[in-house]
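Enquirer: Quick one: structure below, then a few questions.
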Amino acid sequence: MFGKIPERKFFENISIQDSLLLKWSAETNGGQSCTSIVIYNNILFVSDLSGRIYAFDRTTGKLFGYEKYSGSIPVAPVVNDLRIFFIVNDFNERTSTLNIFDFINGKVLYESKIFGGVNSEMLKLKDGIVVLTTAGELIKFNLVNTREWSVPTKVTAKSSPASDGELILFGNEKGELIAVSAKDGSIKYRTKISDGIEGSITIDEVNAYFGDNNGNIFSVKASDGKINWCINTNHKIISTPVYNENKIYIGNLAGEIFCLNKTDGKLIWKIQVNGVVNTTPLLFKNYLVQPDLNRKVHFINTQTGKIEKTIEYERRVKLSPVYYGGIIYMGADRGIINAYQTFSTN
């Protein structure tokens, strides 16, 4: 799924060279939103806003096939064994459908209609799939698409949730941070801490991190929502923070990228890329690989903040980079998917 695990992890504990070799390039029919590809074994899955979901050979870029639906598919699919869970939004986004597709037999096994659109990334838990609608309803489905519980918070939500296995955390447009029991859907706390939260959540052990519409970066205790620290960047944040052992990295819509101490929020470095940062980056030990909506991907030194390399595209870069098996997968507007061979320095 997006971020690999329920906590949303975007860190690869290796160092890489900045010399990349383009292995293959492919194109889908429609563009993507700010989401990511998903990989299962050697199959790369990607959806697009024209309602198609594609399967490629991740090593060669060969198209295995695609399925077309009426609507748009704005968030990354979730793979569980030989089944793909994906959301199709109706074009008016008043309703959407969660589909379970058997990609061995090539057919939809189950469909579940949802009131409201879904533009937040889904969560895969051990025993089910969690969906957050734009209307603020959090729904848990089991692995055969039966609805187990739902929580209608009745406030618009655009934040992609994260979970530590016990709690599911997400924000809403009123600036509330909400924690829901993953087991039964009961609300454990609902705390207003901001004027509006569209930034997605990530969790590192006991603490959760996210940005808000005023440009604040928060560290809170996941168990009770109490604020550990808050740093203001002055510009709206919608991307997901990424972290390693002791640092947090996050960008805002003004094109500023911040490296902060994870413990106290102290600024380590700050840079300006002269673009728009609205996509979640990929973090290595030595590089932060940050897409820029201004048709670029920057390789930023994690220690100094220096931009060591920039890849320029003809179109806007929206997909979050994904690393798998020595390859970095990137995507640009109108459905361009590029696979780059990279080389470890370890």
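Enquirer: For the pairs Lys188/Lys296; Lys262/Lys318; Lys174/Lys262, flag any whose C-alpha to C-alpha distance is greater than 32 Å.
Expert: From the list (Lys188/Lys296; Lys262/Lys318; Lys174/Lys262), the Cα-Cα distance tops 32 Å for Lys188/Lys296.
Enquirer: How do Asp102, Asp184 rank when sorted from fewest to most other Cβ atoms within 10 Å of their own Cβ? Mind dumping the intermediate values first?
Expert: Details: Asp102 14, Asp184 9.
Neighbour counts put them in this order, fewest first: Asp184, Asp102.
Enquirer: Using alpha carbon coordinates only, what is the Rg to Rh ratio of segment 143-261, with Rh defined as the Kirkwood radius?
Expert: Value, to two decimals: 0.98.
Enquirer: Could you derive backbone 3J(HN,Hα) for segment 110-124 from the dihedral phi with the Karplus parameters 6.51, -1.76 and 1.60 (θ = phi - 60°), listing whole Hz in sequence and x where the residue is Gly or Pro?
Expert: 9, 9, 9, 7, 10, 7, x, x, 10, 10, 9, 5, 6, 10, 9
Enquirer: Still on this model: Using Cα extents along the principal axes in Å as the read-out, say which of [x] 67, 51, 36; [y] 57, 50, 34; [z] 49, 48, 34 was calculated from these coordinates.
Expert: From the options [x] 67, 51, 36; [y] 57, 50, 34; [z] 49, 48, 34, the structure gives [z].
Enquirer: Within segment 90-149, report the chymotrypsin sites (Phe, Trp or Tyr not before Pro) that DSSP leaves as loop and that have at most 16 other Cβ atoms within 10 Å.
Expert: Counting only loop positions with at most 16 other Cβ atoms within 10 Å, the chymotrypsin sites (Phe, Trp or Tyr not before Pro) in segment 90-149 are Phe91.
Enquirer: Kindly provide the GluC sites (Glu not before Pro) of segment 166-266 that DSSP labels as loop, not H, G, I, E or B, and whose Cβ sees at most 14 other Cβ atoms within 10 Å. Let's see the in-between values first.
Expert: On the way: sites: Glu166, Glu173, Glu176, Glu198, Glu205, Glu245, Glu256; in loops: Glu166, Glu173, Glu198, Glu205, Glu245.
Those satisfying the criteria are Glu166, Glu205, Glu245.
Enquirer: Let me ask another. A 21 angstrom limit on the alpha carbon distance is what I want to check against. Which of Lys9/Lys221; Lys23/Lys68; Lys62/Lys124 exceed it?
Expert: Lys23/Lys68; Lys62/Lys124
Enquirer: A further question on this structure: Just in segment 28-88: which trypsin sites (Lys or Arg not before Pro) are loop by DSSP and have at most 16 other Cβ atoms within 10 Å?
Expert: Counting only loop positions with at most 16 other Cβ atoms within 10 Å, the trypsin sites (Lys or Arg not before Pro) in segment 28-88 are Lys62.
Bear in mind these aren't lab numbers, they're just calculated from the coordinates by the rules spelled out. Keep in mind it's a predicted model, so treat the numbers as computed, not measured. With ideal geometry, Cβ positions are generated from the backbone for all residues, glycine too; neighbour counts draw on all protein chains shown.
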